[in-house]
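Worksheet: the structure to be examined is printed underneath.
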Amino acid sequence: MRIIGLAGWSGSGKTTLITKVLPSLIARGHRVSTIKHAHHGFDLDQPGKDSFMHRTAGATEVVISSARRFAILHELRDEPEWDLPNLLGKLAPVDLVLVEGFKRDAFPKLEIHRAANGKPLLQPDDPHIVAIACDTALPHAKVPTDDCFAFAGPLLPIADMERLIAERVKPVTETERVALAEVHGRVLAADVSAPLDLPPFDNSAVDGYAVRHRDLDPKSETRLTIGGRLTAGLAAAQPIRAGETVRIFTGAPMPPGADTVFMQEDVRAEGNTVVVPPGLKAGANRRLAGEDVREGSIVLPAGRRLAVPDVALAAAIGLTRLDVRRRVRVALFSTGDEIVEPGAPRPAAALYDANRTLIAGMLARLGATVTDLGILKDDPAALEQAIADAARSHDLVLTSGGVSTGEADHVRSAVEKLGRLVFWRVAIKPGRPVAMAVIRGNGTSGGTAFAGLPGNPVAAFVTFARVVRPLLLRLAGAAPEALTALPVRLSFAYKKKAGRREYVRVALRSANDGVVEAVKHPQEGAGIISSLTETDGLAELSEDTTTVEPGSTVGFLSYATLMG
């Protein structure tokens, strides 16, 4: 949810501008809400109204509802005034929130300035003012354009990006029944319930001797007669009798009446008898029916991306096929006049295209069906047509290159003509210019998802892992899978800007004290592909981190985790 404030002195025209801008934004299909801060007490109801009486009688909240709208009146009384983040949390999801007031808060603002008011500009004292709207020229005003706002607005935090993906993208709905041998990596379409207990019967956990615990002397050795022999796959012909033991092997069903198993190395065999020691607890070395899975319980929930153990569990309860969602269909191409196919003649100023190979491999590991559309040159009309054609038969159109701010970066422009841009710039490094949109096509939500990655290979890799991966899992109908970073000690110092999450390529090594530590790759450029092959994963530095020193502990994400 993007936020822009309108700051200005009283009488500058903030409300007037909002009422002029709102219809235009709504006409373009944007959902917009507003928040206004009042410096004085105010009432929305009047004496004599029922709601007024409810409120003044002591109600914490009064909800007024009709067929056309509803309002919640919350009485703060002795509570502190709510800040902007709390108020934003009360809003329904929208594309944009226009905020009037809260001018001391840190968020991007447009200053509204009217010279006739005789008031000074707010901008010199507020670094968060990104533009000024005024009724006269201000030749000496200098609006800052730092890294956060240099290209069309603030960067989108990763948490907000993930929320937008969940809101705007709907999973594929078609399902298919697939044999167990072919379901690895597929997304389960429905809950799987166990048709039987697992294990289906009480059985021995060891090779040894099954006994009735009540036959044992609790203080001294007990001699028992061997009354039978059971191996896995055979059931006892009769119950165990008093004073007997049954020779039993791992996995064999417990003979009726037996409740405990001695390990063979703990007993002494003497002819057709065994001598067992005292002290073994009742039920030892016995596996109970249903101790793993109970009949009727849900063993695999819908949305599970099936791993090898999941498939093994399905086999263990006797299933041969599972209902899964169909694979996500992805159209993939690279853009740019500067890249050529590997193996083709390479002009002096050209590079071989590595991104499609990189991205196709990551898509395959996530179970997608990929259509490789090759390389598209920097021709705006051709790009628009190619994206539109691909959208008709795919769930996701994925490109690399062409989403930055250069004159020859035409992908973003084409996407905006074909649909609606959800976000363009994410607070992540490497990989800030990454686009996600919903465009006209054949998608399940009335459109086809689009993702545009940066052209530099390392940036494409990182943004795929942090943007495309959750997008693809959402399309596949998979339950959200958080990337869990493991703690690792750093061997290096590093500085970064606040407000964005940064990923540093690192290799792991064992330090002299035996602790695993991360070593930064010597080259940081987003185009250095060897920095991926010579490292083990990414050190993740949070948005509020600005400096780390040797010995600091940060999160580490292995490449296996990012690509799995």
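Assorted remarks:
- Selected residue [among the small types (G, A, S), in a loop (DSSP other than H, G, I, E, B) and modelled with pLDDT under 95] from G446, G452: G446
- Hits in the range 214-243 (condition: surrounded by 15 or more Cβ atoms within 10 Å (Cβ to Cβ), touching a residue at least 24 places away in the same chain (Cβ under 8 Å) and not in a loop (DSSP other than H, G, I, E, B)): D215, T222, L224, I226, G228, L230
- Condition met for P195 (in contact (Cβ under 8 Å) with a residue 12 or more places away in the chain and within 30 Å of A314 (Cβ to Cβ)): yes
- R425 being out of contact with any helix residue (DSSP H, G or I) (no Cβ under 8 Å at 6 or more places or on another chain) and modelled with pLDDT under 90: yes
- Evaluation of K103 against the conditions (1) among the basic types (K, R); (2) in a loop (DSSP other than H, G, I, E, B); (3) at pLDDT 80 or above shows that the sole unmet condition is (3).
- Checking each residue in the range 174-195 for being under 14 Å from L300 (Cα atoms) and in a loop (DSSP other than H, G, I, E, B) picks out V183, H184, G185, R186, A189, A190, D191, A194, P195.
- Single match in L472, L483 (criterion: within 30 Å of A302 (Cα to Cα), of a type in the set (A, V, I, L, M) and at pLDDT below 95): L483
- For the range 256-307, the set of residues classified as closer than 30 Å to P480 by Cβ, of a type outside the set (D, E) and touching a Leu at 6+ places or on another chain (Cβ under 9 Å) consists of V293, R294, V299, L300, P301, A302, G303, R304, R305, L306, listed by residue number.
One line per residue, one yes/no per condition, for (1) surrounded by 13 or more Cβ atoms within 10 Å (Cβ to Cβ); (2) part of a strand (DSSP E or B):
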position	(1), (2)
V261	yes, yes
V274	yes, yes
A282	no, no
G303	yes, no
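- Cβ pairs under 7 Å, 6+ apart, first in the range 318-345 and without any contact (Cβ under 8 Å) to a residue 60 or more places away in the chain, second assigned to a strand (DSSP E or B): E338/L351; V340/Y352; E341/I375; P342/Y352
This table checks each residue for (1) surrounded by fewer than 22 Cβ atoms within 10 Å (Cβ to Cβ); (2) not assigned by TED's automatic domain parsing to the domain that holds V426.
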| residue | (1), (2) |
| --- | --- |
| V462 | no, no |
| V467 | no, no |
| E481 | yes, yes |
| F492 | yes, yes |
| N512 | yes, yes |
| H521 | yes, yes |
| I528 | yes, yes |
| G537 | no, yes |
| E543 | yes, yes |
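- Any hit, the range 85-97, residues being surrounded by 12 or more Cβ atoms within 10 Å (Cβ to Cβ) and modelled with pLDDT of 85 or more: yes
- P345 being under 30 Å from the mean Cα position of the chain (by Cα) and surrounded by fewer than 21 Cβ atoms within 10 Å (Cβ to Cβ): no
- Beta carbons closer than 7 Å, at least 6 apart along the sequence or on distinct chains, pair a first residue in the range 98-118 that is in the same structural domain as D83 (by TED's automatic domain parsing) with a second that is assigned to a loop (DSSP other than H, G, I, E, B) and hydroxyl-bearing (S, T, Y) for I112/S12; H113/S12; R114/S12; A115/T136; N117/S12.
The values are calculated or read from the model by the stated rules, or taken from the named source; none is laboratory data. Computed from a predicted structure; not experimentally measured. Neighbour counts run over all protein chains shown; Cβ positions are idealised from the backbone, glycine included.
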